[in-house]
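Heads up, the thing below is written out as structure tokens.
The values are calculated or read from the model by the stated rules, or taken from the named source; none is laboratory data. These numbers were taken from a predicted model, which means no experiment stands behind them. Virtual Cβ from ideal backbone geometry, glycine too; neighbours counted across all protein chains shown.
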Amino acid sequence: MLIEKIVFNFLAFSLFVLIFFKIISKNDTNYVGILILEAIGIMISFISILFQITLHIGVLILAYILSIIVPLLIIILEKKGINLFAIFSVWLARLYILIGNNKKAKDILINLVKKYPQYYTGHKLLAQIYEKDGGIRKAIDEYVKMIDINKKDYDSYFRISYLLKESERKEEAKVMLENLIRKKPDYTDASILLGDILCEQEKYKEALSVYSSALRYSPNNYELYYSMGIAYTLLNDFANAKTCYEKAAIINTLLYNGYYNLGQISLIFGDLDEAEKYFMKSLQGEDIEPDAYYNLAKICMLKNDKENAINYINIAIELDPVFIKKSNEEPLFIPIKSLIHFPLIEEEDITSRKTKLTNRDIKVKKYLEDTYQLVNKLGHNDIRMFQGKNNKINYKEKDIQREE
């Protein structure tokens, strides 16, 4: 019994000294809690010796756990590269994020990465908080530190590129994405983002090259086909655009924007039945539902189906008051104008409803609408002029404007 107490106290004291020197060498106050636990265990043993008390088995086990097992476990885990204090800090930070206290979470994580600069998870969580709070520059700094820790952290490369694009530093984003694709050519999201930037810069052929290369690694990615459809649309290559939208829709049957664009292309070519089919499919997409009803109303008027036209246009106006003005200005609706329900809203008070459409979706939707209006002026027989002849169309449009 005496030998056991001597061994216990020797081990407990040795571990106490070891933890104490860790506090000094690492300047890490996290170890203070371990010292306190050890001190409690040693005190229990000391009292039993001093007063010659036989400890209850439960108390004895507690003393062993506090004085030997806990500090020994921490030392072993640290030798294996597992930092319990860092894990606890991250867990605590996540708890604060869960209850909406991002400030406290940031304070914990900032202290964590100061003490452990190579702790990847701490930087990652901190970057995500900065990004969520709009601190783009600080978020980028944290993602850069993550890449320094792990050179193959391709997700952080992508996040930096995305944040650079969002902060209008598109040339820097392009360089990052090009480097990322060279290192990991099958990173499809990087190809899509790079293609989107090129489309924003009106470099549609370069964007198509990027999308086409990505298809070799992701042949069933609907977003690649949809993105290619947009690039072809903006190049006036409606035949290839249609093919791409159709492939995207086959892969993702819920691609309502794709159906809507197909409907607009069919309308441009004067194929009313096909246009109607696609617009009907796009009705389930909340963001383009009013536009689809509006176009269905135009198709019905072209087919001399006034009853359905009135129904569709009234639904479009009910869903989005912006169609009040459009309906008033559309010559097709003159015969049914008196039967359209126009709410008593002042023009200056009419605002379009909020949608989740991206800038590129809005751009291509408007482009197809404008193209349809131009085709109506030129006549559907001249639609071939639109295939890859952007400059000629612009000249003809200017001539029409002069004549008017």
Residue in segment 156-168 that is farthest from the chain's Cα centre (by Cα), counting only those that are surrounded by fewer than 17 Cβ atoms within 10 Å (Cβ to Cβ) and of a type outside the set (S, T, Y): E168
Unmet requirement for N308, which otherwise passes all of (1) closer than 16 Å to E330 by Cα; (2) without any contact (Cβ under 8 Å) to a residue 40 or more places away in the chain: (1)
Output for segment 250-266, where each listed residue is crowded, with 24+ Cβ neighbours inside 10 Å and without any contact (Cβ under 8 Å) to a residue 40 or more places away in the chain: G258, Y259, L262, G263
Hits in segment 185-213 (condition: crowded, with 22+ Cβ neighbours inside 10 Å, of a type in the set (S, T, Y) and over 15 Å from the mean Cα position of the chain (by Cα)): Y211
Test: residue in segment 238-249 that is crowded, with 19+ Cβ neighbours inside 10 Å, touching a Ser or Thr at 6+ places or on another chain (Cβ under 6 Å) and not in a helix (DSSP H, G or I): no
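Would you check if there is a residue in segment 146-155 being under 22 Å from L215 (Cβ atoms) and modelled with pLDDT of 90 or more?
Looking only at segment 146-155, we keep the residues that are under 22 Å from L215 (Cβ atoms), and these are 154-155.
If we keep only those that are modelled with pLDDT of 90 or more too, we end up with 154-155.
Yes, because at least one residue in segment 146-155 is under 22 Å from L215 (Cβ atoms) and modelled with pLDDT of 90 or more.
In this structure, is K106 outside any helix (DSSP H, G or I), on the phi < 0 side of the Ramachandran plot and basic (K, R)? Step through it out loud before you land on a result.
Numbers: outside any helix (DSSP H, G or I): no; on the phi < 0 side of the Ramachandran plot: yes; basic (K, R): yes.
So K106 does not fit the description; no.
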Check on E178, of a type in the set (D, E, K, R), surrounded by fewer than 19 Cβ atoms within 10 Å (Cβ to Cβ) and modelled with pLDDT of 95 or more: yes
Single residue of segment 214-237 satisfying the filter (among the polar types (S, T, N, Q) and assigned to a loop (DSSP other than H, G, I, E, B)) that is farthest from the chain's Cα centre (by Cα): N236
Evaluation of E329 against (1) surrounded by fewer than 16 Cβ atoms within 10 Å (Cβ to Cβ); (2) closer than 17 Å to D370 by Cα; (3) within 32 Å of the chain's Cα centre (by Cα) (one fails), failing number: (3)
Residue pairs meeting the criteria (Cβ under 9 Å; at least 6 apart or on separate chains; first touching a residue at least 60 places away in the same chain (Cβ under 8 Å) and of a type in the set (G, A, S), in segment 267-279; second surrounded by 19 or more Cβ atoms within 10 Å (Cβ to Cβ) and not in a helix (DSSP H, G or I)): none
Criterion (at pLDDT below 95 and not β-branched (V, I, T)) met by exactly one of L215, L254: L254
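For segment 201-228, what are the residues that are acidic (D, E) and free of Cβ contacts under 8 Å to residues at least 12 places away in the same chain? Step through it out loud before you land on a result.
Let us first name the residues in segment 201-228 that are acidic (D, E), namely 202, 206, 223.
The answer is E206, and nothing else.
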Residue in segment 281-288 that is surrounded by fewer than 18 Cβ atoms within 10 Å (Cβ to Cβ), farther than 27 Å from S212 by Cα and of a type outside the set (A, V, I, L, M) present: yes
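Please enumerate the residues belonging to segment 177-190 that are in a helix (DSSP H, G or I), in contact (Cβ under 8 Å) with a residue 12 or more places away in the chain and within 20 Å of L224 (Cβ to Cβ).
Start the filter on segment 177-190 by keeping residues that are in a helix (DSSP H, G or I), which leaves 177-183, 188-190.
After this cut, where a residue has to be in contact (Cβ under 8 Å) with a residue 12 or more places away in the chain as well, the list is 177-181, 183, 188-190.
Once the filter is applied, which keeps residues that are in a helix (DSSP H, G or I), in contact (Cβ under 8 Å) with a residue 12 or more places away in the chain and within 20 Å of L224 (Cβ to Cβ), segment 177-190 yields L177, E178, L180, I181, K183, T188, D189, A190.
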Residue that is surrounded by the fewest Cβ atoms within 10 Å (Cβ to Cβ), among those in segment 105-116 that are more than 13 Å from Y130 (Cα to Cα) and either among the hydroxyl-bearing types (S, T, Y) or free of Cβ contacts under 8 Å to residues at least 40 places away in the same chain (or both): K114
Test: residue in segment 291-298 that is within 23 Å of Y259 (Cα to Cα) and either among the basic types (K, R) or in contact with a Pro (Cβ under 8 Å, 6 or more places away or on another chain) (or both): yes
